[in-house]
Amino acid sequence: MRIVFIGPPGAGKGTQAERLIEKYKLAHLSTGDMLRAARDAGTEIGKKAEAFMSRGELVPDDVIMAIIAERLAEPDCRGGYLLDGFPRTIAQAEALDAMLAKKTTPLDAVVELRVAEEELFNRLAGRGRADDNPDVIRQRLVAYRRQTEPLLDYYAEKGLLEVVDGLGTVEEVFDRVTVVLDPLAE
Ligand code: AP5
Ligand code: MG
């Protein structure tokens with residue numbers, strides 16, 4: 001099963017991904033986690049990415065595509081994967097489609113986790129990641145609305161989009177996602 005998770009900052013993509021990869025035996029591919037690991041390791045990509053992440057802006061598409069292409073080629077991705085926080089721009093989505101078409105491994109579903117903005121601020125205020133201060137959260141939301149929300153129409157037109165209400169307890173949201181994904185699991 002190959003799944004994409006789309007949702008604003010704090011929607012619960014990472015939280016749900018952790019549980020879903022256990023249930024469906026998938027690789028968890030979070031570009032945010034990969035970029036933070038690169039930053040902490042002090043690599044060139046990490047240094048370049050940090051400037052964008054600390055401002056709440058998206059990292060350039062070419063940097064992201066290089067990271068993802070390398071990661072998708074690893075053996076654990078053959079059994080399926082959950083893409084968390086990627087793609088985030090139409091250019092990334094098109095590049096992913098081209099890459100997957102070549103491998104003849106199309107996506108099975110795109111899940112939008114929908115959560116109201118007030119709730120996002122509450123959730124992120126309680127976490128404390130470097131980019132979780134209110135000014136940066138606001139900028140991350142702007143980037144989401146401008147650059148990532150257009151993907152919802154893009155995937156709806158392909159018949160792949162599933163909208164899931166992300167409000168409620170972690171367990172409640174998990175149950176809603178599994179109702180959508182269970183029929184797709186082999
Ligand atoms: P990324 O790491 O992807 O961050 P994000 O999209 O802003 O989202 P978060 O990770 O903050 O939220 P989440 O939806 O995973 O929620 P979580 O489960 O943690 O990206 C960071 C940056 O990297 C970007 O700004 C950009 O610069 C760069 N980047 C990454 N990918 C990129 C790409 N493809 N292209 C370009 N740039 C890219 O939950 C949040 C909090 O809420 C937690 O404390 C959690 O415990 C809590 N919570 C979760 N679920 C619930 C619930 N149901 N009820 C109550 N609390 C809950
Ligand atoms: Mg996350």
Residues with amide H under 5 Å of VAL163's amide H, sequence separation 5 or more or different chain, H placed in the peptide plane at 1.01 Å from N; which? GLU112
From phi via Karplus (6.51, -1.76, 1.60), per-residue ³J(HN,Hα) for region 171-177 in Hz, x at Gly/Pro: 5, 4, 5, 4, 4, 5, 5
Output wanted: per-residue J couplings in Hz (rounded whole) for region 154-167, from phi through Karplus 6.51 cos²θ - 1.76 cosθ + 1.60, θ = phi - 60°, x for Gly and Pro. 4, 7, 4, 5, 8, x, 9, 7, 10, 9, 10, 5, x, 8
GNM flexibility winner over the chain from ARG127, ARG138, ARG39 (Cα, springs under 10 Å): ARG127
Cα principal axis extents for the chain, largest first, Å: 42, 37, 30
Using each residue's phi in region 10-17, evaluate 6.51 cos²θ - 1.76 cosθ + 1.60 at θ = phi - 60° and report the 3J(HN,Hα) Karplus result to the nearest Hz, with x for Gly and Pro. x, 5, x, 4, x, 4, 6, 4
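By its C-alpha gyration tensor, with a ≥ b ≥ c as the square roots of the eigenvalues, how is region 129-180 shaped: rounded for a/c under 1.5, else prolate for a/b larger than b/c, else oblate?
The shape class here is oblate.
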If you stretched the chain out fully between GLN139 and ASP40, how much longer would it get, using 0.36 nm times the residue separation minus the C-alpha to C-alpha distance? 33.4 nm
Treat each spin label as a single point 7 Å out from the Cα along the C-beta direction, and report the GLU117 to LYS25 distance in nm. 4.4
For ASP33 and GLU172, what is the calculated FRET efficiency with R₀ set at 35 Å and r taken between the beta-carbons, to the nearest 0.05? 0.90
Roughly how far apart, in whole Å, are the Cα centres of region 1-71 and region 85-101? 14
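So if we plug the beta-carbon distance of SER54 and LYS103 into 1/(1 + (r/R0)^6) with R0 = 25 Å, what FRET efficiency do we get, rounded to 0.05?
Plugging the Cβ-Cβ distance into 1/(1 + (r/R0)^6) gives 0.15.
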Label-point separation (nm) for ALA130 and LYS158, each offset 7 Å from Cα along Cα-to-Cβ? 3.2
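Here, each number is a calculation from the coordinates, and none is a lab measurement. What you are looking at is a predicted structure, and each value in this text was computed from that prediction instead of being measured. Virtual Cβ from ideal backbone geometry, glycine too; neighbours counted across all protein chains shown.
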